[in-house]
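Structure record follows, encoded as structure tokens.
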Amino acid sequence: MATFKEFRNNVKPNWCPGCGDFSVQAAIQRAAANIGLEPEQLAVISGIGCSGRISGYINAYGLHGIHGRALPIAQGVKLANRELTVIASGGDGDGFAIGMGHTVHAIRRNLDITYIVMDNQIYGLTKGQTSPRSAEGFKTKSTPEGSIESTLSPLEIALSAGATFVAQSFSSDLKQLTTLIEAGLSHKGFSLINVFSPCVTFNKVNTYDWFKENIVNLEQFPDYDPSNRIAAMTKIMETNGMLTGLIYQDKTRPSYEDLAVGFKPEALAKQDLTLSRDDFDKLVKEFK
Amino acid sequence: MISQLSWKIGGQQGEGVESTDRIFSTALNRLGYYLYGYRHFSSRIKGGHTNNKIRISTKPIRAISDDLDILVAFDQESVDLNAKELRAGGVIVADAKFNPTVPEGVSAQLFAVPITAIAEELGTSLMKNMVASGASWALLGLPMEVFNQAVQEEFGRKGAAVVEKNIEAVKRGGDFVLAQAGGPLEAFKLEEADGKQKLFMIGNEAMGLGSIAAGCRLMSAYPITPASEVMEYLIKKLPKFGGTVIQTEDEIAAVTMAIGANYGGVRTMTASAGPGLSLMMEAIGLSGMTETPLVIIDTQRGGPSTGLPTKQEQSDINALIYGTHGEIPKVVIAPSTIEECFYDMIEAFNIAETYQVPVIVATDLQLSLGKQSCEQLDYDRIAIERGKLVTEELEPREDNKLFPRYAFTEDGISPRVLPGAKHGIHHVTGVEHDQEGRPSESAVNRRKMMDKRLGKLSQLRITDAVKADGPSEPADLLVVSMGSTGGTINEAQARLAQEGIATKHITVRQMHPFPNDLIEPYLQRAKQVVVLENNATGQLANLIKQNVGYHDKIVNLLKYDGTPFLPSEIYNACKELN
Ligand SMILES: Cc1ncc(C[n+]2csc(CCOP(=O)(O)OP(=O)(O)O)c2C)c(N)n1
Ligand code: SF4
Ligand SMILES: [Mg+2]
């Protein structure tokens, strides 16, 4: 069985020292090892952004695509090969701005993949513009007078879009994050894990200390029932989205792959492509 | 006896025009006639005038006709809009219900048949289509059994009683019109067909079938006219082969999902038209840059913007070739016949995997939706070539190095492993990268990688990249086209030949990379070149000028009013030039 070290490669990330994304990388490596994956059984598909580089920093199959499209690419990979464990990942701009349409529909579709968002409330790679996750009043290069748009709540959106797994974590809490990624990878269906992953270079407001002060860990509520959707929505609203832990999970809904009529339970990629003469004749006959 | 005839049915959309046409033409197909259909429809679903025209012939035809022999009309609007197309001696079969009149200046024989009344008598006005097609069939004096067989197949599922009712409707329609006409019309007596069984389908179905034959097992797409039938066909078929069709939230998702699935190892495609193609451009670049196979169908329709969504045009040529930012290897194939729609899909998937590039198969609305006879398709021509796909087990790599997915090779094509393979791990990125797929900004590497990718297609010539058809004698006048227009050109050529005017015709099937060497000899030999296309700016002509030259010989023949060329238009234009 592979250890988390086998999910490491010799590439030095080009992230700034202290960037939250380092811990997300480590948590993915640990979670993959903990659930017994071999590196070649994992595919990490990422978007564009500082965070999007993550697929190059994990020893697994990786595809670094285009901005905002990690999810459709990842869903394509999963459809092609159900035997792979597929992670999609990227930044808050990637997933909640340019790629928001895909996010909502990937949630609805419920293919068995895990989506990990590195949410730093800013655009890192393009050097500090506002993101849909930026707080109102937040001053950035593109909002010098402070953001005047309301902050998007991905957790609320996920729940209303029919999510079957919603979690949130903080990159400083490696243990919780690893556990949640393991749970997400093991969940049969789409899992969303939003991770507060501070940008130490361009976001001087939402810092490690700021998160430590403001987040609430669901562990504090021993009676919290993550299978209760109404309670989940209420808790998100009560905490203004600043909560961490497994917020909601529906274990009953089958995944897209399982619902698609006729869709092979084995990896489609391994199938013989030849069309038999008999099948060909049958198809042609319909046009006579 | 005549060898060909044109028949049209018109009415309000949703009124049974489609089904009348379907049953009538299925029966003709069974008799072995060659058929070529043209659908006139508006973007409305219910209501609005619609008509279907089919040309029936004892010889192969691939063009609509200039005129019309028989018009079947469900309302006066259909008479008024279409009667002027009737040639002298033509016939109108119209529903007596609306007291049809022949418009002024039209000399056609009118048969007012109580189409609705008969249908209602038999229980439902829904059977109007059966009465109308029965009347048409009877006027042509064709054998009844074949027609009844077609009816049997259309309604068999609904039980014997329904079949019987419909056959009765057909008979009553026929009997009524024959009593009026005094028997089948002598002038419309068709010569017997060769009786050889042909297929009868639209281009989109041929492409869907071709994709299955090519081993395509996934399709991700977003609906759009005139592409949706590809998706609708595969939705019915792919589950039988373990695959599926996924309707995505937009075309960006459709194309990127197809890229992901091709990367994952399954032959996957998407299909769209101009607006969707525009949305796909960035992703096409990703496919080119990451050398991930990809197949896209673009069914051209009237642009720009929403344009003329249900009308004929060939105006995406520039977008197909130049649309993506940066420079990537890409192949654009334009089938020109229904048979090519089938075979080209197989070739498209093979090229996509062999060269690890995006391949776009571009049709036009008339080819995609015009229902027509298709010669028997040859199972033995189906061959699947996956190029340098590594399927054998790999050895462990020294020092845990990555698999060199982008290794420099003589032909620029690198071995490709699929995710899941042990010891095959590598990285894929749209960022410029080294041989293992790692991001690299090295100037030396950049040049080598660009040359590698862009050099892959230097030798590519698809089957019949430039296809010559029609008269084979040398001629001073050369007609060049792409897509569905070839059949109409051939017909104009035949008329010109009767007047002693020799012409030559070539169809450009490989639109990109442009097959200069194959086109040049034709241009060289010709004194004058007519480049015929359904767009306003002469995109194909410009491609030829840019790549091959001969500016002084080239004349544009353009049509961009949304309708396909008619043989007479081409005939007139060529005659003027002669
Ligand atoms: C189509 C397109 N538009 C814009 C860009 C430029 N761009 C790259 S990353 C990015 C935003 C990055 O923010 P986020 O997704 O939050 O990632 P982070 O860098 O913060 O991790 C933008 C706008 C691009 N690459 N592609
Ligand atoms: S700019 Fe911000 S998000 Fe990007 S690497 Fe640096 S700290 Fe991380
Ligand atoms: Mg960000």
All positions within the range A:103-120 that are closer than 22 Å to A:Ser150 by Cα and within 13 Å of ligand 1 (Cβ to nearest atom): A:Thr103, A:Val117, A:Met118, A:Asp119, A:Asn120
B:Val359 vs. criteria farther than 30 Å from B:Leu308 by Cβ and not in a loop (DSSP other than H, G, I, E, B): no
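Just the residues that are outside any loop (DSSP other than H, G, I, E, B), within 11 Å of chain A (Cβ to nearest Cβ) and buried (at least 21 other Cβ atoms within 10 Å of the Cβ), please, taken from the range B:396-441.
Listed by number, the residues that qualify are B:His427, B:Val428, B:Thr429, B:His433.
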Unmet criterion (only one of (1) more than 16 Å from ligand 3 (Cβ to nearest atom); (2) touching a Phe, Trp or Tyr at 6+ places or on another chain (Cβ under 6 Å); (3) in a helix (DSSP H, G or I)) for A:Glu213: (2)
Sole exception among (1) in contact (Cβ under 8 Å) with a residue 60 or more places away in the chain; (2) more than 16 Å from ligand 1 (Cβ to nearest atom) for A:Gly36, by number: (1)
Count of residues meeting criterion [within 9 Å of chain B (Cβ to nearest Cβ) and open to solvent by 60 Å² or more (accessible area, probe 1.4 Å)] in the range A:5-44: 4
Matching residues in the range B:227-253 - criterion: being crowded, with 24+ Cβ neighbours inside 10 Å and more than 8 Å from chain A (Cβ to nearest Cβ): B:Ala227, B:Val230, B:Met231, B:Tyr233, B:Leu234, B:Glu251
Matching strands (runs of 3 or more DSSP E) fully within the range B:46-114 where at least 3 residues are modelled with pLDDT under 95: B:49-57, B:86-95
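Which is out of contact with any Cys (no Cβ under 8 Å at 6 or more places or on another chain) and closer than 21 Å to B:Leu185 by Cβ, of B:Ser125, B:Ser107?
On the way: B:Ser125 fails: closer than 21 Å to B:Leu185 by Cβ.
Among B:Ser125, B:Ser107, only B:Ser107 is out of contact with any Cys (no Cβ under 8 Å at 6 or more places or on another chain) and closer than 21 Å to B:Leu185 by Cβ.
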Residues located in the range A:105-135, provided they are open to solvent by 40 Å² or more (accessible area, probe 1.4 Å) and either hydrophobic (A, V, I, L, M, F, W, C) or near ligand 3 (Cβ under 9 Å from one of its atoms) (or both): A:Tyr123, A:Leu125, A:Ala135
Selection count where residues are assigned to a strand (DSSP E or B) and at the interface with chain B (Cβ under 8 Å from one of its Cβ atoms), scope the range A:53-83: 4
Unmet criterion (only one of (1) over 30 Å from B:Arg87 (Cα atoms); (2) open to solvent by less than 50 Å² (accessible area, probe 1.4 Å); (3) part of a helix (DSSP H, G or I); (4) not basic (Lys, Arg)) for B:Ile224: (3)
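Condition check: aromatic (Phe, Trp, Tyr), open to solvent by 10 Å² or more (accessible area, probe 1.4 Å) and either more than 16 Å from ligand 2 (Cβ to nearest atom) or over 23 Å from A:Gly47 (Cα atoms) (or both). Does A:Phe138 satisfy that? Can you show your working first?
Working: aromatic (Phe, Trp, Tyr): yes; open to solvent by 10 Å² or more (accessible area, probe 1.4 Å): yes; either more than 16 Å from ligand 2 (Cβ to nearest atom) or over 23 Å from A:Gly47 (Cα atoms) (or both): yes.
When the stated conditions are applied, A:Phe138 passes them.
Under the condition of being more than 9 Å from every other protein chain (Cβ to nearest Cβ) and hydrophobic (A, V, I, L, M, F, W, C), which residue from the range B:214-226 is nearest to B:Ile351 (Cα to Cα)?
Pass one, the range B:214-226, residues more than 9 Å from every other protein chain (Cβ to nearest Cβ): B:219, B:221-226.
Add one more test, that the residue is hydrophobic (A, V, I, L, M, F, W, C), and what stays is B:219, B:221, B:224.
Numbers: B:Met219: 18, B:Ala221: 21, B:Ile224: 26 Å.
Of everything passing the filter in the range B:214-226, B:Met219 is nearest to B:Ile351 (Cα to Cα).
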Filtered residues of the range A:188-205 (kept if open to solvent by less than 10 Å² (accessible area, probe 1.4 Å) and either part of a loop (DSSP other than H, G, I, E, B) or within 16 Å of ligand 1 (Cβ to nearest atom) (or both)): A:Gly189, A:Phe190, A:Leu192, A:Ile193, A:Asn194, A:Val195, A:Phe196, A:Ser197, A:Pro198, A:Asn203
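The values are calculated or read from the model by the stated rules, or taken from the named source; none is laboratory data. Quick caveat: nothing in here was measured; it's all calculated off a predicted structure. Every residue, glycine among them, receives a Cβ derived from its backbone with ideal geometry; neighbour counts consider all protein chains shown. For accessibility, only protein heavy atoms count, side chains too; no ligands or nucleic acids. Shrake-Rupley method; radii C 1.70, N 1.55, O 1.52, S 1.80 Å.
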